[in-house]
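The values are calculated or read from the model by the stated rules, or taken from the named source; none is laboratory data. The structure presented is a predicted model; accordingly, all values stated were derived computationally and were not measured. Using ideal geometry, Cβ is built from the backbone for each residue, glycine included, and neighbour counts are taken over all protein chains shown. Quick note on the areas: whole protein, heavy atoms, side chains included, nothing else; ligands and nucleic acids left out. Shrake-Rupley method; radii C 1.70, N 1.55, O 1.52, S 1.80 Å.
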Amino acid sequence: MDTTDRSAVPDSPPGLRERKKAATREAVHRAALRLTVEHGLDHVTVEAIADEAGVSRRTFSNYFATKEDAVLWGEEQQAAALLRAVAERPAQESPWTALRTALHSFEPGPFSPDRETITRTRLALRHPSLLGRQLATHAGLEQDLAHVLAERGAEPLRSRVLAAGFLAAMRTTMRTWFESEHPVELLDLADDVLHLMGQPFDGPDAGRA
């Protein structure tokens, strides 16, 4: 499985070999996603995904450790995009402002979702093994995000709290959006949730919108 640092930003365009590897990874991911939508995760094997993508079982293993990894590979891409967006925010922005503003600076992404993002999220809510893998990805993202915030000058403990709070707000946003059958724009709902998360949990105004 590819273990490239998600927070790394490439210094130059990828060469032919890297583009071919990226195309193969994308093909395997899309095959996994398509078969899971059609048949359900429990009825999809690694061999079936490899056949659908036109690669060998060994080639599949060069890119993904499990079928769950293959289905949710787009999560890794979105995590990398979020990390880059936060890191590139102006230095004078507070950490929380940088997090909130970063959501508006890349597309497609988890909060301006394309059809694939929505499909992956629905599958994760439906299949416990996919949800577990997604939560593991988010745990890694939380650590990486805290590191980025610390590099921007936030105290280490504050960086961890901010990263955890931000990702908890994002999970709340996604689940609320799906359960309410999309009555509002997802990004608008994310802004509302992040606004509430940024308010004090105690004090005279606690509990008010």
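Quick check: at a probe of 1.4 Å, how many percent of the accessible area of the chain sits on carbon and sulfur atoms?
Carbon and sulfur together cover 51 percent of it.
Determine the sum of side-chain charges near Val46: Lys and Arg each +1, Asp and Glu each -1, restricted to other residues whose C-beta is under 12 angstrom from that of Val46. Write down the numbers at each step before the final one.
Numbers: positive: Arg57, Arg58, Lys67; negative: Glu47, Asp51, Glu52, Glu68, Asp69.
My count for the surroundings of Val46 gives -2.
Would you mind telling me which residue in Ala124, Ala136, Ala87 has the biggest mean-square fluctuation in a Gaussian network model of the chain, where springs connect alpha carbons within a distance under 10 angstrom?
With Cα springs under 10 Å in the chain, the top fluctuation among Ala124, Ala136, Ala87 is at Ala136.
Per residue, how many Å² of accessible area does segment 26-105 show with a 1.4 Å probe?
Details: 3710 Å² over 80 residues.
On a per-residue basis, segment 26-105 sits at 46 Å².
Pop a pseudo-label 7 angstrom from the Cα along the beta-carbon direction at both Ala27 and Thr101 and give the gap in nm to one decimal.
Reported label-point gap for Ala27 and Thr101 is 4.2 nm.
In angstroms, what radius of gyration and Dmax does the chain have, counting Cα atoms only?
Expressed in Å, the Cα Rg and Dmax of the chain come to 18.4, 62.
Give the angle, between 0 and 90 degrees and rounded to the nearest 10, that separates the Cα long axis of helix 16-39 from the longest principal axis of the Cα atoms of the chain.
Its long axis makes an angle of about 90 degrees.
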